[in-house]
1. I'm trying to understand the selection: among the residues of the stretch 154-169, which are of a type in the set (Ser, Thr, Tyr) and part of a strand (DSSP E or B)?
2. Which residue is farthest from the chain's Cα centre (by Cα), if the candidates are limited to the stretch 203-230 and must be among the aliphatic types (A, V, I, L, M) and more than 14 Å from Met192 (Cα to Cα)?
3. Condition check: modelled with pLDDT of 95 or more, within 16 Å of the chain's Cα centre (by Cα) and surrounded by 24 or more Cβ atoms within 10 Å (Cβ to Cβ). Does Ala244 satisfy that?
4. Does Thr131 qualify as being touching a strand residue (DSSP E or B) at 6+ places or on another chain (Cβ under 6 Å) and surrounded by 23 or more Cβ atoms within 10 Å (Cβ to Cβ)?
5. Regarding the stretch 64-74, can at least one residue be identified that is part of a strand (DSSP E or B), touching a residue at least 40 places away in the same chain (Cβ under 8 Å) and under 20 Å from the mean Cα position of the chain (by Cα)?
6. (1) within 22 Å of Tyr335 (Cβ to Cβ); (2) surrounded by fewer than 21 Cβ atoms within 10 Å (Cβ to Cβ): which one isn't true of Ser229, the others all being true?
7. Looking only at residues that are part of a strand (DSSP E or B) and among the aromatic types (Phe, Trp, Tyr) in the stretch 79-126, which one is farthest from Pro153 (Cα to Cα)?
8. Got at least one residue in the stretch 56-69 being surrounded by fewer than 17 Cβ atoms within 10 Å (Cβ to Cβ), modelled with pLDDT under 95 and at positive phi?
Amino acid sequence: MASSSSPSQVICASFNQDNSMFSVGTKDGFKIFDARNGRLCYEKNLGGFNIVEMLFGTNLLAIVGTGEQPAMSPRRLCLFNTKTGASKRDLNFKTSILAVRLSRKRLVVVLQDRTFVYDLNSTTILDEIETVPNTKGLCAFAPNSEECYLALPASTSKGSALVYKASKPELICQIDAHLAPLAAMVFSLNGMYLATASEKGTMIRVHLVAQATKSHSFRRGTYPSTIYSLAFSPSVDLPDVLVATSSSGSLHMFFLDASRNARRQANTLFSSVIPGSVTDALDPANHHVIHNVVTADIKSCLAVHSVENSQNSSKFPSLKTVIYIVTHNGYFREYLIGTTKSNESSWLLEREFNLLDAYSGSPKQNELHID
């Protein structure tokens, strides 16, 4: 694995709605990559960008600048067409934009004290949600769900979240997840489950949204650590795995399958699950750890590309999980984690490349494919 002691050079990073592509924003501009093959699909040098969000594989981007250029104010959202290289529509706000989320029907804009829900096609405001102070722009969005579920912090003193249907929009429930304030949260593909982590970062919990109840609880570690990113595997039902990256530089993978967890509880010895690595999980949940995936305290963004089951004679199938990680010091990494029926694991760094050095001379680099 390449290492770097340089400070963060990537300002923002995010995957699109099906994890096939990802974007990075830097002090110079932004780039769009195909996660499956590492191809640089598009780049634009317009100054610094705080937010670059994609709409699947279409030509539409939602971008917010750092303010270094007069036209790129952090209070202005630009719906940018990569095919024409020009703005399709600008939306201006009174305060800085902290987060943006997109689905085929909805546009969500998160400010510090309120969140706006728009119809994406007409950019008509459907709802203006007053929120508790949300200085980090924390939110979770399920763009592939029919109801377009949206979760926002409900408190600044404890880890509670309010869940809305952005399709209506309407408030459907409050989930009280942690004693400490929330630091990260993510929906499963269909919005059925919501995973959360608090600022303490020792516990990660999974909640069934329809009932506002906890379905799983995992211990990441004993010592506090900031959770930078959470991601479920792309399953339409109960996801197979939940993964997380933290300020410790580790990658954590948890199994949500009840039969696997029951088998783990029956074991009397807590065995190592990663060769050369020692897990810091203290509870019986299936917890697999790869240490030093990212330089400590460097932010990262991750996605689960796929989980493949190999069902043989045992009712506990072997799993092969492919995970993508984008680091804020400018690297893309793809890991393959294999887990046997006996809960032994191995991992392989399949791909790694430098995002900041990537360049494409192809004349087609300035046009994304419409899916």
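The values are calculated or read from the model by the stated rules, or taken from the named source; none is laboratory data. These numbers were taken from a predicted model, which means no experiment stands behind them. Every residue, glycine among them, receives a Cβ derived from its backbone with ideal geometry; neighbour counts consider all protein chains shown. Remember, those area values only see protein heavy atoms, side chains included, never the ligands or the DNA or RNA. Shrake-Rupley method; radii C 1.70, N 1.55, O 1.52, S 1.80 Å.
1. At the first step, the residues of the stretch 154-169 found to be of a type in the set (Ser, Thr, Tyr) are 155-157, 160, 164, 167.
Correct list: Ser160, Tyr164.
2. As a first pass, look at the stretch 203-230 and keep what is among the aliphatic types (A, V, I, L, M): 203-204, 206, 208-210, 212, 227, 230.
After this cut, where a residue has to be more than 14 Å from Met192 (Cα to Cα) as well, the list is 203-204, 227, 230.
Working: Met203: 18, Ile204: 15, Ile227: 11, Leu230: 5 Å.
The selected residue is Met203.
3. Values: modelled with pLDDT of 95 or more: yes; within 16 Å of the chain's Cα centre (by Cα): yes; surrounded by 24 or more Cβ atoms within 10 Å (Cβ to Cβ): yes.
So Ala244 fits the description; yes.
4. Working: touching a strand residue (DSSP E or B) at 6+ places or on another chain (Cβ under 6 Å): yes; surrounded by 23 or more Cβ atoms within 10 Å (Cβ to Cβ): no.
Here the answer is no, as Thr131 does not meet what is asked.
5. Taking every residue of the stretch 64-74 in turn, none turns out to be part of a strand (DSSP E or B), touching a residue at least 40 places away in the same chain (Cβ under 8 Å) and under 20 Å from the mean Cα position of the chain (by Cα).
6. It is condition (2) that Ser229 fails.
7. First pass over the stretch 79-126, keeping only residues part of a strand (DSSP E or B): 79-81, 86-92, 99-102, 106-110, 114-119, 125-126.
Then keep just the ones that are among the aromatic types (Phe, Trp, Tyr); that gives 80, 116, 118.
Details: Phe80: 29, Phe116: 14, Tyr118: 19 Å.
Applying the filter and picking the extreme gives Phe80.
8. Here is the first cut: in the stretch 56-69, the residues surrounded by fewer than 17 Cβ atoms within 10 Å (Cβ to Cβ) are 67-69.
Filter once more, so that each one left must be modelled with pLDDT under 95: 67-69.
Okay, now just the ones that are also at positive phi, so 67.
Yes, the stretch 56-69 contains a residue that is surrounded by fewer than 17 Cβ atoms within 10 Å (Cβ to Cβ), modelled with pLDDT under 95 and at positive phi.
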